[in-house]
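So the structure is just underneath, and the comments pick up after that.
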Protein chains: 2
Amino acid sequence: MRISAILEQPIQLQGNMANAVVDFSSHTVSIVALVSDQRRNGKPVVGIAFNSIGRFAQSGILRQRMLPRLLRAAPESLLNPEQTAFSPAAVAKIAMTNEKPGGHGDRAGAVAALELATWDLNAKLADEPAWAHIAKTLYPSTSNYPDKLPGVPVYAAGGYYYPTNHNDQLSDELLAYRDQGYTDFKIKIGGASLSEDMQRVNTAARIAGGAQHLAVDANGRFDGATARAYGQELAAAGVRWYEEPGDPLDYGLMAKLATTYSGTLATGENLFSVIDTKNLLQFAGLRPQQDLLQMDPGLSYGLTAYLEMLTAAKTAGFSRKQCIPHGGHLINLHIVTALELGGCESYPGVFQPFGGYSPQCTLTNGRVIPSDAPGFGLEQKTELTAVIAGLLKDAM
Amino acid sequence: MRISAILEQPIQLQGNMANAVVDFSSHTVSIVALVSDQRRNGKPVVGIAFNSIGRFAQSGILRQRMLPRLLRAAPESLLNPEQTAFSPAAVAKIAMTNEKPGGHGDRAGAVAALELATWDLNAKLADEPAWAHIAKTLYPSTSNYPDKLPGVPVYAAGGYYYPTNHNDQLSDELLAYRDQGYTDFKIKIGGASLSEDMQRVNTAARIAGGAQHLAVDANGRFDGATARAYGQELAAAGVRWYEEPGDPLDYGLMAKLATTYSGTLATGENLFSVIDTKNLLQFAGLRPQQDLLQMDPGLSYGLTAYLEMLTAAKTAGFSRKQCIPHGGHLINLHIVTALELGGCESYPGVFQPFGGYSPQCTLTNGRVIPSDAPGFGLEQKTELTAVIAGLLKDAM
């Protein structure tokens, strides 16, 4: 059993949107395919994944560094010890051959795409959805799942800034999400004055049915004083959480804010390694049983590393319900379902073709249930069908 | 005045060497050229630099993300406010357009190559060596330099592992460095047992004329217990410094080690941003007036960001003499000379064509003096001549 080819393509994100810091219209994502020598219905079984959203395609790092390492490796070195399946951990490790420690940036997304594609491939070989395959692999003695999944909590992340009629357009946006079945929401802050932002918060909280259903995201924009000034008003408003107030690596700022902000803080989407996560847990003053961790496997070396992050979080007193990964797409939906995490994000309508779920997933009353397609079910997602066909056109 | 073209080429490192973690024979470096519309002697003035050593070429990030941003920018936006020179800070900032905060890895080297090439370009336009140009630009009121530079302290980094006759070959290697004029040395540890490594340390210390002229480098390999066990023996031996004992981001490990290790600790070459440096200074227990900081401008967004790191170090009580950048090459020699830092690294004979200095630089009794070539003088370096000619073949 072996990988016979690895394909990669950078894909432009569609839908023009900006947060307080970044205009995403220039962004790209790497989609990768691990083509195996195993066949089903006359076609090779192929594992597919991508490097989440927000940090660009990693074509250079993949093609120049990582794909040659994997293609040169002895085929059996990419399998599990029993040689019954491909090993996501081995794929990640071999992709990282001769890479120095530290500097967890772009390459963490490149490895993640490969590692997650290995999970997709294994699940397809086992002919089961990725969530079930992940759960059975990680917890073989306890994987006794109900016939019908209860679904995992999901929130709609949006609440963008508009050039005119801000509050009307914000209302329209959130009402559209509510009509789709969302009950919880997140909006941007930090792109306007504090008083304007608090008007946005109040507008959004009314539509959400209370601020306890509304999170806010500053995308790392604030200095300490601004973070505290916003914190005072956000705590009074009672928002569900206050996300990335300062630079994502500024543990000192977060620790100081945590001493005065009585509500829930959330961060982690821009930490891409186990050691960065351990530093966050050790130095940022986050409160077990209160604050939220949002590391994204697709940006941080994949599920193997994410499991180590969960272990570090548990050691620090955080439960899995406090882990709500960044990245609103099918891959993280399966991971959240398999690991019974606190919930997942969704970006309704934006970050296409990767954002959101397939029509076969059901979204009801703020909970989403993955379909029973094998793997992550990316092939079912309407916007991805042509992308995947293009990627595989010479392989099938 | 404008940038008319930006060129980039990945260059394979020559010389097979390995540290405790990484085999460098597969490594590459990006060399970049900023071709200006200014002409001297009938040819365009071109700024040249590269992304230091150890983290691979960044062709993908440069070509897909950063070069288009710079080439699309209004030409005057890349100049200083007086419009008299190109602005390294503006080049770095525009190269980072729409990049999210956090995740300081590969892209930090990509930006660094561009930012440093801007310094080279400005120095060539002013027809002066980069060290003098940097000093005059940063400290216009105090740049009254001696006719003859005193030279900056330099140490030879090597001390590799050999398959056979370890100690004999280690001796031969260091003796060769001594013959070239080096008085201070650094060797690898962590690739053998503690007792074997201490034999290496003792062998090397004899050639160095005492352990106070010998540093050791574990390249981030040890866990806390191993780091402390080595520390006990290294402190007794009296080595000059003990470098990167654990994972470069494991501030907790370093802080614990600093409470028991009485000698000098050194780290920072794998921290690529100002905020990572601030975290190191805040959480890793490093001791002002004792420990050393080795951040490398060529891996961490360039000189503009490095100056912010120096400010953070000063605020934390560290002097410039405690800053000895990683990366033994001409670019850092000019930076160390201009900023009067504590010294610089050299890799005699290896990491070619980038490692080491040009024949016009003088190395005497452990001090090195840059030549008076304009810019970083990369064109004078024998091993780089053909590389630069190849890069510029269509531009000149």
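Values quoted throughout were computed directly from the atomic coordinates according to the rules given, and no laboratory measurement underlies them. Remember, it's a predicted structure, so these values are computed and weren't measured experimentally. Positions of Cβ are generated from backbone atoms using ideal geometry, with glycine treated the same way; all protein chains shown enter the neighbour counts.
Note on B:Gln290/A:Gln212: beta-carbon distance plugged into 1/(1 + (r/R0)^6) with R0 of 35 Å gives a FRET efficiency of 0.10. Taking the charge dipole of chain B about its Cα centre, with +1 at Lys and Arg Cβ atoms and -1 at Asp and Glu Cβ atoms, the residue from B:Ala117, B:Ala176, B:Asn51 reaching farthest to the positive side is B:Ala117. Within segment B:113-127, which residues have the backbone N less than 18 Å from the label spot 7 Å out from B:Glu82 along Cα→beta-carbon, could you tell me? Within reach of a label on B:Glu82, which here means backbone N under 18 Å from a point 7 Å along Cα→Cβ, segment B:113-127 contributes B:119-127. For chain B, the relative contact order is 19 percent, taking Cα pairs closer than 8 Å that sit 6 or more residues apart in sequence and dividing their mean separation by the residue count.
As a calculated quantity, the FRET efficiency between B:Met1 and A:Gln14 at R0 = 41 Å, using C-beta atoms, amounts to about 0.60.
Computed over Cα pairs, the Kirkwood radius of the protein assembly as shown leads via Stokes-Einstein (1.306 mPa s, 10 °C) to a diffusion coefficient of 58 µm² per second.
Placing a label point 7 Å from Cα along the Cα-to-Cβ direction at A:Pro163 gives distances to the equivalent points in the other copies of 6.7 nm, listed shortest first.
Could you work out how far the C-alpha centroid of segment A:366-396 sits from that of segment B:335-370, in angstrom? Between the Cα centre of segment A:366-396 and that of segment B:335-370, the gap is 54 Å. Only Cα pairs under 8 Å and 6+ residues apart enter the sum, and on that basis the relative contact order of segment B:274-396 stands at 18 percent.
For segment A:149-160, backbone phi angles converted through the Karplus equation (6.51, -1.76, 1.60; θ = phi - 60°) give residue-by-residue couplings of 5, x, x, 10, x, 9, 10, 8, 9, x, x, 6 Hz, Gly and Pro being listed as x.
The residue list A:Thr203, A:Ala284, A:Gly191 was ranked by how far each Cα lies along the charge dipole of segment A:152-381 toward its positive end, using unit charges on Cβ atoms, and A:Ala284 comes out on top.
Taking every alpha-carbon pair in chain B and binning the separations at 10 Å intervals from zero gives 5, 24, 33, 25, 10, 2, 0 percent. Computed from label points 7 Å out along Cα-Cβ, the spacing between A:Thr315 and A:Asp179 is 4.9 nm. In terms of other Cβ atoms within 10 Å, B:Glu82, B:Glu173, A:Glu345 run from fewest to most in the order B:Glu82, B:Glu173, A:Glu345.
About its Cα centre, the dipole of chain B is roughly 700 debye, where the only charges are +1 on Lys and Arg Cβ and -1 on Asp and Glu Cβ. Counting only Cβ charges, +1 for Lys and Arg and -1 for Asp and Glu, the dipole size of segment B:152-378 around its Cα centre is about 500 debye.
Label-point distances for A:Glu308 to the equivalent site in the other copies, using a point 7 angstrom along Cα→C-beta, read 2.8 nm when ranked shortest first.
Dividing the mean sequence gap of close Cα pairs (under 8 Å, 6+ apart) by how many residues segment B:152-378 holds gives a relative contact order of 19 percent. Compute the separation of the alpha-carbon centres of segment A:113-179 and segment B:142-219 and state it in Å as a whole number. So the two Cα centres are separated by 54 Å. Ranking A:Phe318, A:Pro153, A:Thr164 by how far each Cα lies toward the positive end of the dipole of segment A:152-381 (charges on Cβ) leaves A:Phe318 at the top. Chain B holds its axis-closest Cβ, relative to the rotation onto A, at the residue and whole-Å distance B:Gly60, 1. Cross-link pairs exceeding 18 Å in C-alpha to C-alpha distance, out of A:Lys43/A:Lys393; B:Lys186/B:Lys278; B:Lys124/B:Lys381, comprise B:Lys186/B:Lys278. Here B:Leu280, A:Leu114 are placed in order of increasing Cβ neighbour count within 10 Å, fewest first, which gives B:Leu280, A:Leu114. Working note: Karplus 6.51/-1.76/1.60 with θ = phi - 60° gives segment A:195-211 the couplings 5, 5, 4, 5, 4, 4, 4, 5, 4, 5, 5, 4, 5, 6, x, x, 5 Hz, where Gly and Pro are set to x.
Fewest neighbouring Cβ atoms within 10 Å first, the residues B:Asp197, A:Asp250, B:Asp127 line up as B:Asp127, B:Asp197, A:Asp250.
For chain B, the longest principal axis of the alpha carbon atoms and the long axis of helix B:224-237 meet at an angle near 80°. Dipole check for the protein assembly as shown: with +1 at the C-beta of Lys and Arg, -1 at the C-beta of Asp and Glu, and the Cα centre as origin, the magnitude is about 60 Debye.
Report summary: the helix-based calculation at 222 nm, which adds -39500 (n - 2.57) for every DSSP H run with n ≥ 4 and divides by the residues of the protein assembly as shown, gives -11000 deg cm²/dmol. For the pair segment A:296-316 and segment B:252-317, the centres of their Cα atoms are 26 angstrom apart. Taking the square roots of five times each eigenvalue of the Cα gyration tensor of segment A:152-381, the equivalent ellipsoid has semi-axes of 26, 24, 14 Å, listed largest first. Inter-copy label distances at A:Gly238, using a point 7 Å along Cα-to-Cβ, come to 6.9 nm with the shortest given first.
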